[in-house]
Ligand code: SF4
C-alpha cells in the first residue's frame with residue numbers, strides 16, 4: 001500500500017494487473033486508496049499476487065479445516081486442492097481440531113494461493129471453554145499465524161461492547177452465528193471487558209504490518225437467518241469496521257471487510273451499498289448472503305443466488321458455501337460442488353462488473369460460438385465444470401446434436417437454413 005501511495009509500480013502490481021487484464025496505473029491507484037488489496041505475506045513472496053476489489057475479477061474463497069469431531073490433515077489439504085481445481089482463488093483454514101499448526105503449515109506449503117486463517121479459533125481451541133482464554137492467547141495466536149506466513153487473517157474486532165448491547169435489545173432469533181463472533185461476545189460478556197482486538201487494535205496492526213498481512217475485518221454480528229438481517233447489531237458492527245478500515249489504512253495495512261450472512265433478496269443491494277459507503281469502498285468479502293433459511297443441503301445455491309445479487313451491487317469476493325452448510329463438516333464432494341457453484345456466481349458478476357465485463361463476455365461468446373457449431377469438445381473446454389458437462393452429454397448416443405431435441409435441434413436447423421459455419 002505504501003509503494004502504491006508513492007506511485008511505485010512494483011512487480012506484484014504488474015503481475016496482478018496482467019492477471020486482471022488492466023493497466024498497472026489503475027491497480028496502483030486503487031491499492032493506494034485501499035479499494036483493492038493484494039493479500040500476501042513477506043514470508044511467502046513466491047505466491048502469485050492476486051488482487052481483490054473494485055474493477056478486479058470476483059474472487060472465490062474456499063473454507064477448509066478440521067473440527068474437533070473430525071480431524072484429518074490430508075483430507076483438508078485434498079479439499080483445498082479440489083477447491084482450487086474447480087475455481088477457488090484463495091483458501092481459508094478454519095481448523096479447530098487436532099494439530100491446528102500442522103494443518104495451517106501444510107496448506108501454506110502445498111497450496112500456491114493466498115491462505116487465510118482465523119487465529120481466535122486456535123486461541124479458543126486450546127481450552128475446554130473459550131471463556132478461559134486470555135488476551136495474550138488471542139494476540140499470540142495472531143502472531144503465530146502471521147509468522148507462519150498466512151496472507152490474510154480474519155479478526156472479529158467489530159464485535160464491541162456496544163454491538164453486544166444491541167444484541168440484548170434486538171431480540172434476534174439466532175443471536176450470533178459467526179463462530180469467532182460468538183467466541184468474542186461470550187468472552188466479553190463473561191469477563192465484562194471490551195473486545196481485546198478492538199481495545200488494542202493498534203497493537204494488532206503492528207503485528208500484521210510487520211509481515212504485510214492483509215486484515216479481513218470479520219462480521220461477527222452477521223445475521224444468521226433472514227429475520228435477523230439488516231438490524232442494528234449488524235450495522236453497529238459495520239460502523240465500527242468502517243472506523244477500523246480507516247485506522248488500518250492510516251498505518252499502511254491493507255484491509256477488507258466481511259459481510260452478511262443471511263438476507264432476503266431485496267435487502268442485499270441496499271446493505272452492500274451501505275457497507276461499501278461506510279467502509280470507504282474497502283474490498284467486500286461476502287459469506288453468502290443466503291437468501292432463504294429453508295434449503296439445508298442446497299445452501300451452496302442459496303448463497304450463490306445472494307452472492308450474485310451482492311456482486312451486482314459491489315461485492316468483490318465470495319466465500320463459498322457448500323451443501324453441508326448448517327449440517328456437517330463438508331466432504332471433498334461438498335467442497336467441489338460449493339466451489340463450482342460459487343465460481344458460477346462470480347463469473348455472472350464479472351459479466352456485469354466494470355473493468356471485467358469485456359473479458360467475461362468474451363468467454364461467454366466463445367461458448368456460444370462452439371455451442372452454435374455443436375462442437376461438444378469446445379463446450380467442455382469452455383465449461384466451468386467440464387467433467388460434469390461431459391458426463392451428462394455422454395448419455396447421448398451417436399448423434400451430432402444431443403438427446404434433448406435430437407433431429408429437431410433448433411441450433412442445427414437454423415445453422416443449416418442460414419448456411420452459417
Ligand atoms: S438438440 Fe436441443 S438441446 Fe441439444 S444442442 Fe440441439 S437445440 Fe440444444
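Laid out as a table, the results:
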quantity	calculated
Test set (1) surrounded by fewer than 23 Cβ atoms within 10 Å (Cβ to Cβ); (2) in contact (Cβ under 8 Å) with a residue 24 or more places away in the chain; (3) not assigned by TED's automatic domain parsing to the domain that holds residue 149 - residue 9 fails condition number	(2)
Qualifying residue in the range 370-378 (condition: more than 30 Å from residue 55 (Cα to Cα) and more than 12 Å from the ligand (Cβ to nearest atom))	yes
Set 84, 138, 92: member being in the same structural domain as residue 201 (by TED's automatic domain parsing) and more than 21 Å from residue 285 (Cα to Cα)	138
Some residue of the range 267-290 being modelled with pLDDT under 95 and under 25 Å from residue 185 (Cα atoms)	yes
Residues within the range 291-322 that are in contact with a helix residue (DSSP H, G or I) (Cβ under 8 Å, 6 or more places away or on another chain) and either more than 20 Å from residue 347 (Cβ to Cβ) or not assigned by TED's automatic domain parsing to the domain that holds residue 261 (or both), tallied	3
Selection within the range 387-411 - outside any helix (DSSP H, G or I) and within 7 Å of the ligand (Cβ to nearest atom)	401, 402, 404, 405, 409
Subset of the range 214-249 (residues that are closer than 21 Å to residue 41 by Cβ and in a helix (DSSP H, G or I))	244, 245, 247, 248, 249
Residue identified as touching a helix residue (DSSP H, G or I) at 6+ places or on another chain (Cβ under 6 Å) and either surrounded by 14 or more Cβ atoms within 10 Å (Cβ to Cβ) or closer than 30 Å to residue 315 by Cβ (or both) among 364, 385	385
Residue in the range 169-190 that is under 18 Å from residue 279 (Cα atoms) and touching a residue at least 60 places away in the same chain (Cβ under 8 Å) present	no
Failed item, numbered, when residue 330 is tested on (1) outside any helix (DSSP H, G or I); (2) within 14 Å of the ligand (Cβ to nearest atom)	(2)
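The values are calculated or read from the model by the stated rules, or taken from the named source; none is laboratory data. Note that this is a predicted model, so its numbers are computed, not measured. Here Cβ is always computed from backbone atoms with ideal geometry, including for glycine, and neighbour counts include all displayed protein chains.
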